[in-house]
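Presented below is the structure to which this report refers.
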Amino acid sequence: MSLTVVILAAGQGKRMRSSRPKVLHPVAGRPMLAHVLDLARRLEPVRICVVVGHGGDAVREALAADDLTWVEQREQLGTGHAVLQALPQVQEDDARVLVLYGDVPLLPDAPVRELVAAGNALLTARLPDPAGYGRICRDAAGAFTGVVEERDATDAQRAIDEINTGVLAIEGALLRQYLHAVGNDNAQGEYYLPDVLPLAMANGHRVDTVCTDDPGAVLGINDRLQLASAEREFQRRAAEALLRDGVTLADPARLDVRGSLQCGEDVFIDVGVVVEGAVTLGNGARVGAHCVLRDTAVGKGSEVHPFSHLDGASVGAGCSVGPYARLRPGTVLADRARVGNFVETKKATIGTGSKVNHLSYVGDATLGAGVNVGAGTITCNYDGVDKHHTTLGDGVFIGSNSTLVAPLGVDDGGFVAAGSTVTRDVGRDQLAVGRGRQRNIDGWRRPGAAADEKGGH
């Protein structure tokens, strides 16, 4: 069955009080329209048409993709008018046309697939407070008869709690036949897309409804308050899914997943953790409070201690990171490696069982197995023009407060004395001492000390 998806994304979003197009405001770290596109692609349609208007160029630039057909709606004259602009993209042999909305980012797959399978059908929902939505009208037998917008509704109709979500599926031929006949005789003077369904029904075509029992799924976003509500709803669902998969969350309400999170067995995640991009946590991994993980893999049994930031890092099994560590892109920790408190790494490979425990910067470096880097060590990787590499062999020991000026190599078993500035390669099992000779000066007085002794305070 051929399917065309039309996504309406032309709204200006005045209530957002923003220069950014409404559909580009983020939910879970991504434009809300991106979530709708994900849903559309999972349906495997023959084409996806996105109707844009206000800020259309920005929307196209932000979400450019080869599988999208862009359609412009110059005037916003209602949902029917918006779909009319996309009608030339609907082919004669399209079995179904599905209409989605760029500001409804939380729709799950199941009711939408049911909608498409139903043929000509409208997605509805029951809300405890239906104010602001069009109401679903039915006859005495419960059959669908149409939609009445709230401004056009009677008091009795306003009491109906079943609402129109606007999401509908219709045979392509019927859409092409009846959309032009939709009028705008209503309080808003707009062309409402659902009005195409009674026209089809009047000509003997069956129209069904699919009612979702999840009101959060149909949340539309028109202002910052609704945006915040959608964000919380998304995060609630993400937390529930993780809990069902066996992940322990210290507080499900204090986790933010802004990408994809894959977890093994017996994973523990503390409060305030933020996940961005693609993150995987192996069996038994633990993530401490207030960590940020972006495009990072953490191996089996490893622990990321509180307030650490991992971005584009790969952490092996049995590792320890933090607290207050920063692993920048290109960092690779082999099994049982340790990166401790207030350590920053960048494009660094840290070998099996190696330790960078405190207050150090390791950038553009390769550390072998069993290396110990003392506190306050810096790899000087940038000369003002180019980046240079530091290589430390197996079993190397770097004393505290050392400066390693790249390009530099320390061979297996090499030892750098504390406080050294090292500018030349260190051979196997050599000791490098790169510091000025100490002098102790007798009778020295701190400047101002003589005056202090005479009562100069």
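So the values come out like this:
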| read-out | value |
| --- | --- |
| Unit charges at the beta carbon, dipole of the chain: most positive-side option, ASN184, LEU225, LEU106 | LEU225 |
| Part-to-part distance (alpha-carbon centres) for the stretch 215-288 and the stretch 292-311, which is given in Å | 15 |
| Around LEU87: net Lys/Arg minus Asp/Glu count, Cβ-Cβ under 14 Å | -2 |
| Relative packing of peptides 140-150, 262-272, 283-293, 312-322 - highest average C-beta neighbours within 10 Å first | 312-322, 283-293, 262-272, 140-150 |
| Net charge dipole size for the stretch 224-432 [Lys, Arg +1 and Asp, Glu -1 on Cβ; Debye, nearest 20] | 360 |
| Proximal aspartates and glutamates to LYS387, defined as alpha-carbon separation beneath 12 angstrom and excluding residues fewer than eight positions away on the same chain | ASP364 |
| Relative contact order (%) - criterion: Cα under 8 Å, at least six apart; region: the stretch 323-371 | 34 |
| Lysines with Cα under 22 Å of LYS355, excluding same-chain neighbours fewer than 8 positions away | LYS300, LYS346, LYS347 |
| Within the chain, helix-based [θ] at 222 nm, where runs of 4 or more DSSP H residues each add -39,500 (n - 2.57), nearest 500 | -5000 deg cm²/dmol |
| Given (1) 92, 31, 15; (2) 73, 32, 17; (3) 63, 23, 21, the label whose value is semi-axes √(5λ) of the Cα gyration tensor in Å derived from this model | (3) |
| By average C-beta atoms within 10 angstrom, highest first, the peptides 109-118, 177-186, 74-83, 299-308 | 299-308, 74-83, 109-118, 177-186 |
| Computed magnitude of the charge dipole of the stretch 144-284 (debye, nearest 20; Cβ of K, R +1, Cβ of D, E -1) | 240 |
| Within-11-Å neighbourhood charge of ASP214 [Cβ basis; K, R +1; D, E -1] | 0 |
| Dipole magnitude of the stretch 3-218, debye to nearest 20 (Cβ charges: Lys/Arg +1, Asp/Glu -1, about Cα centre) | 480 |
| For the stretch 27-38, Karplus couplings with θ = phi - 60° (6.51, -1.76, 1.60), whole Hz, Gly/Pro x | 10, 6, x, 10, x, 4, 5, 4, 5, 5, 5, 4 |
| Fraction of antiparallel bridges per DSSP, the chain only, in percent to nearest 5 | 15 |
| Spatial separation of Cα centroids for the stretch 69-148 and the stretch 332-402, in angstrom | 57 |
| Cβ-based charge dipole, the chain, positive-most Cα from GLY318, ALA285, ALA58 | GLY318 |
| Sorted by Cβ neighbour density within 10 Å, fewest at the top, the residues MET201, MET16 | MET201, MET16 |
| Relative contact order (%) - criterion: Cα under 8 Å, at least six apart; region: the chain | 8 |
| Qualifying lysines (Cα of each under 25 Å from Cα of LYS22; at least 8 residues distant if same chain) | LYS14 |
| Nearest-0.05 FRET efficiency for VAL46 and LEU243, computed from C-beta distance (R0 60 Å) | 0.95 |
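Coordinate-derived values only; no laboratory data. This is a predicted model, so every value here is computed, not measured. All Cβ positions, even for glycine, are placed from backbone atoms using ideal geometry, and neighbour counts span all protein chains on display.
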